[in-house]
Amino acid sequence: MAVAVNFYHNNKKINSTRLPTAQVGDFGCEVEFKDVTNLYTPSVILSVDRFKNGEKIKNPMEFNYCYIPDFGRYYFVRSWSWILGRWECDLEIDVLATFKVQIGNTTTYVLRSASNCDPDIVDTKYPTKAEDAKNPYQVKTYSDVYSPWNTNIYNAPISEGCFVISVVNNDSGAIGAVSHYALAPRVMAELMNKLYSSPNWMNITDGNISQDLQKMLINPMQYVTNCMWMPCGYETSGGVGISTIPYGWWSVSLSTGAAYRVDVAHVKRSINLSFSTAKHPQYDAYKRWLQLSPYTTCALYLPPFGFIPLDTSKMYGATHIDCNMEIDLITGRGVLNVSSHKTEGGTTVYGGTIYNALGQIGVPVSIAQMSVDFSRLSSASTYIGAAGIALAAGGLQDTLKDVSNGLINGVKGMFGGAVGGTGAGNGILRRPYPYNPNLPGGRQANTVALGLYGGLAGNLAGETGFNPSGVTTSAGGSSLLSSIKSIASDIGSAVLAISGTCATQGSTGGFASLMEQCYIQWYFQRIANQDPEHYGYPCCKKVKINTLSGFVLCSNADDFVANCTPAERQAVAAIMEAGFYYE
């Protein structure tokens, strides 16, 4: 049987849909089929005259591709053989070029594409690089102010720092049995001067009792139950200013400035901070996912709340990190709420809560004969501080001893439980590692793909003799299609970027930590250079193939439909799911 065949010089990838273009030297001729052959891997016979130029025989090896119009199929030339004065040419069908139009009209789920990218999908294809000491992958962003706290306890205005004292009296504005007053430092100094310079403020005449005896019998601070320095001040707007403070049975007049009664409407103070976000050094329009953990991690340093790890998945796309602190002026306790915002089209879009914490912002001020309310304190360091106050005030050595023993036993118990567990599965020293498809033994995706392709090869070989998996053909050797690599998708879920958060409470207030600058520390993991030409970008959506170009990796190519045999359809689907080039 003689058929017409067009031979080409065609330098194309095995897994590409590119069609041949006419070049100088291409030719067409009629050939005969070998006696035993098939239409998937046919063998054709040509006379030597087709390659004879005068007395010299040309090399047919330069012709590596052909088209048989009668079959409507393109073929790779697998080999040329010289047998008994004739050239024998072994062919193998190129299903991608043959059904390029049908492939292009297919709409299917595309995992990776060189021309269509979703930059919000994590791409785990590329490993991270170790940090270079000369080029550290970290940066700090600072708050819009150096620190939200004012630790100037001598001359700060009341709106920027104040003393809050709790006094037992008969004030009509009391909260419960105790009234609370905010005083600027100069007013607090005047109050102490009035209380301790002379007992005249009690209006007790010397005829009844001498002043020396008055000083022995009456402690001016016995009616003060609590004294707190607030580094954030008191908001005087709308507050009630007073010049006389009821004090036990008596009252104390303040002439140099007004104190403010801390009523229910003014018991809270709100402080806000804002930090700009930092970009990953490799961030671009195709790799926005680099802003997620573990490629980007960050921690907020905000005294007195401490060093707080932040979950980057909760602030993805944000331009600013916002910190709002609601502070109780009476107890000095504060609630920190960390959130984010960004600007889109001139409109500010606020994100949800990233982190919440409690902390002691106010600094307790020691007063004589004070009692410590342990219910207001929040940590081991607080108890140590309270015991130290008790020791200094009344020599309570047993109190300090009990607290110290309790802490030591607690630490022993913690590390004893961590280290003393049996086997590798016990204790806090064990770190569970999540499943990683890139590690040895975790290649299920590749295994499934190769298993599918192997099964397909068996079906094709059994039905047609066409053998893409390496079974020997009539010409010997393995199929060209067996060289097609199955490309793993290596697409990560953003769920894996969610960072665990550990809610902690700040320790008892102190001046030293409040003086430090606030910042966010950013850490970056750089990735190796990308190769989107051969691996594409994550796409993960249904796309019509002819809207794409270059590398394409499909998830399920069963939607491919063409007027072809089942073996050809399965071969096309297998190659599309292994990764191909639409050209």
Please work out which residue is nearest to the chain's Cα centre (by Cα), limiting yourself to the stretch 230-250 and to residues that are of a type in the set (Ser, Thr, Tyr) and crowded, with 16+ Cβ neighbours inside 10 Å.
Tyr234
What's the total number of residues in the stretch 178-210 that are at pLDDT below 80 and either of a type in the set (Gly, Ala, Ser) or within 18 Å of Arg261 (Cβ to Cβ) (or both)?
4
On the given criteria, is Ala503 modelled with pLDDT under 90, among the hydrophobic types (A, V, I, L, M, F, W, C), surrounded by 16 or more Cβ atoms within 10 Å (Cβ to Cβ) and not assigned by TED's automatic domain parsing to the domain that holds Arg112?
no
Is at least one residue of the stretch 88-107 of a type in the set (Ser, Thr, Tyr), part of a strand (DSSP E or B), touching a residue at least 60 places away in the same chain (Cβ under 8 Å) and under 19 Å from Tyr582 (Cα atoms)?
yes
Report yes if some residue within the stretch 83-103 is polar (S, T, N, Q) and over 30 Å from Phe63 (Cα atoms); otherwise report no.
no
Name every residue in the stretch 292-316 that is hydrophobic (A, V, I, L, M, F, W, C) and farther than 25 Å from Tyr146 by Cα, in order of residue number.
Leu292
If you check Val110 against the conditions, is it part of a strand (DSSP E or B), within 30 Å of Glu533 (Cβ to Cβ) and in the same structural domain as Leu46 (by TED's automatic domain parsing)?
no
Per-region count, the stretch 307-336, residues under 21 Å from Ala278 (Cα atoms) and either surrounded by fewer than 17 Cβ atoms within 10 Å (Cβ to Cβ) or charged (D, E, K, R) (or both):
9
Unique residue being in contact with a Cys (Cβ under 9 Å, 6 or more places away or on another chain) and touching a residue at least 12 places away in the same chain (Cβ under 8 Å) when the list is Ala4, Ala22:
Ala4
Considering only the stretch 142-201, state which residues are assigned to a loop (DSSP other than H, G, I, E, B) and among the acidic types (Asp, Glu).
Asp144, Glu160, Asp171
Within the stretch 157-175, considering residues that are in contact (Cβ under 8 Å) with a residue 40 or more places away in the chain and of a type in the set (S, T, N, Q), the one surrounded by the most Cβ atoms within 10 Å (Cβ to Cβ)
Ser166
I want to confirm something. Restricting to the stretch 337-385 and keeping residues that are modelled with pLDDT under 50 and aromatic (Phe, Trp, Tyr), which single residue is surrounded by the fewest Cβ atoms within 10 Å (Cβ to Cβ)?
Phe374
Give me a count of the residues in the stretch 548-583 that are assigned to a strand (DSSP E or B) and among the polar types (S, T, N, Q).
2
Can you tell me which residue is modelled with the lowest pLDDT among those in the stretch 89-144 that are under 25 Å from Pro309 (Cα atoms) and among the β-branched types (Val, Ile, Thr)?
Thr128
The lone exception for Asp284 - which of (1) closer than 19 Å to Thr141 by Cα; (2) assigned to a loop (DSSP other than H, G, I, E, B); (3) at pLDDT 90 or above it fails:
(1)
Can you tell me which of (1) at pLDDT below 85; (2) of a type in the set (Ser, Thr, Tyr); (3) surrounded by fewer than 20 Cβ atoms within 10 Å (Cβ to Cβ) is the one Thr565 doesn't meet?
(1)
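To keep it simple, each residue is scored yes or no on (1) in contact with an Asp or Glu (Cβ under 6 Å, 6 or more places away or on another chain); (2) of a type in the set (Gly, Ala, Ser).
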{"site": "Ile271", "(1), (2)": "no, no"}
{"site": "Ser274", "(1), (2)": "yes, yes"}
{"site": "Ala278", "(1), (2)": "no, yes"}
{"site": "Pro281", "(1), (2)": "no, no"}
{"site": "Lys287", "(1), (2)": "no, no"}
{"site": "Ser293", "(1), (2)": "no, yes"}
{"site": "Thr296", "(1), (2)": "no, no"}
Taking the residues in the stretch 117-130 that are in contact with a Lys or Arg (Cβ under 8 Å, 6 or more places away or on another chain) and in a loop (DSSP other than H, G, I, E, B) as candidates, determine which candidate is surrounded by the fewest Cβ atoms within 10 Å (Cβ to Cβ).
Lys129
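The values are calculated or read from the model by the stated rules, or taken from the named source; none is laboratory data. For clarity, every value in this text was computed on a predicted model and none was experimentally measured. Positions of Cβ are backbone-derived with ideal geometry, glycine not excepted, and every protein chain shown enters the neighbour counts.
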